[in-house]
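Take a look at the structure set out below.
Read-outs throughout are calculated quantities, based only on the coordinates presented, and are distinct from any laboratory measurement. What you see is a predicted model, and the numbers here were worked out from it, not measured in a lab. No Cβ is skipped: glycine too gets one built from the backbone with ideal geometry, and neighbour counts run over all protein chains shown.
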Amino acid sequence: MLILSLESSCDETAAAVVKDGRTVLSSIVASQISVHAEYGGVVPEIASRQHLEAVSVVIEEALREAGVGLAEIEGVAVTQGPGLAGALLVGISAAKGLSFGRGIPLVGVNHIEGHLLAVFLEQPVEFPFLALAVSGGHSHLYRVDGVGRYKTLGQTVDDAAGEAFDKVAKLIGLPYPGGVAIDRLAATGNPEAIKFPRPLLHDGTFNFSFSGLKTAVLTHVNRHPEAKEAGINDLAASFQEAVCDVLTKKTAAAVAATGIKRLVVAGGVACNSGLRRSMARFAEKAGVELSIPAPKLCADNAAMIAVPGDYYLSNGITSGFDLDALPVWPL
Ligand code: KG4
Ligand code: ZN
């Protein structure tokens, strides 16, 4: 099936044309980051208005780059949630318009499901596999038995990993989005310089907690103000190391407990170079088949929405025009 997919759950307006849920013919992402950076984070009202301005532009661009006309598109997949209600509604309304106007089927897709399955745009992964979804809103470990068959093994009990990166970055005076800024500074810092806590590491669950780590960073910079100046690279590297260490060790424990030796790491935080390194080290040692998509497929994009979208539409699973945004939608 030739699918047009849309994503507008947060601060990226994206459209893609994907064939059979596997081949990306085009993937256009219009980022609003520079607009929100001024406010130190995403402003929902501004996000909705920016989506409205960008949505038809990215759709036209996606069709042009794919070299296909709207008449050739056979189905529309759109992020239905989780995310910002007003932002989601822009993509959903555009998708409904396309579906109605062309008389082609429509399906609403869970954003996290898109992240988990984005890897199929690069290579097939055999089911079952374990998946760590780490983004601005999620730090979840899943067992994936098939498309639409997800079992939550663990999740954050407070902040998501990306949220921790963004909050800590703000705390030490770095621009939004913080994850990228910390990653960059950490590259030349000493990860052993400051021993930050590893929350819940030995609690016997697959849950995560990152808010205590954020407090530990705050306490450290209050006691050592120089850490925000000359010591900022070491601070960034030590914080990043603590997050990556917990994410990797908890994932390793899930691999050991389930005996499943296939692992996918997905979501915006999967762009982090420290996490990619520590997961690769673990996978190599434990004989785990590790798949982490290229950064452009880990960050928010519409192509990933077409993977489950194609599966559902091909199996006759569609949404009606009463499709509504689901700001909170556990997988
Ligand atoms: O998946 P995503 O693009 O959007 C959501 O679904 O939330 O993830 C965004 C999150 C942000 O918190 C951002 O700071 C983080 O991913 N992020 C990173 C990196 N690139 C993006 N975190 C750490 N290191 C990075 N290189
Ligand atoms: Zn995302």
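A few remarks follow.
- Among the lysines of the chain, pairs that are 8 or more positions apart or on different chains and have alpha carbons within less than 17 Å of each other number 15.
- Viscosity 1.567 mPa s, 4 °C: Kirkwood-radius Stokes-Einstein D of the range 1-67 over Cα pairs, µm²/s: 105 µm²/s
- Protection proxy ranking of 141-154, 290-303, by the mean of other Cβ atoms within 10 Å over each peptide's residues and highest first, is 290-303, 141-154.
- When the convex hull of its Cα atoms is projected in every direction, mean area for the range 1-158 (nm²): 9.6 nm²
- The range 126-292: relative contact order in percent, alpha carbon pairs under 8 Å with at least 6 residues between: 27 percent
- The chain: calculated mean residue ellipticity at 222 nm from DSSP helix runs of at least 4, using -39500 (n - 2.57): -13500 deg cm²/dmol
- Placing unit charges on the Cβ atoms of the charged side chains and taking the dipole of the chain about its Cα centre, the candidate lying farthest along the positive direction among 76, 39, 255 is 255.
- GNM top mover of 209, 27, 314 - the chain, alpha-carbon springs below 10 Å: 314
- Quotient of Cα Rg and 2.2 N^0.38 Å for the range 126-292, N being how many residues it contains: 1.02
- The range 148-218: relative contact order as a whole-number percent, Cα under 8 Å and 6+ apart: 43 percent
- What separates the Cα centres of the range 68-140 and the range 1-40 is a distance of 10 Å.
- Dividing the convex hull volume of the alpha carbon atoms of the range 200-331 by its residue count gives 174 Å³ per residue.
- You can think of it this way: the chain between residue 219 and residue 285 has 20.2 nm of extra reach, that is 0.36 nm per residue less the Cα-Cα gap.
- The alpha carbons of the chain stretch over 62, 46, 31 Å along the principal axes, in descending order.
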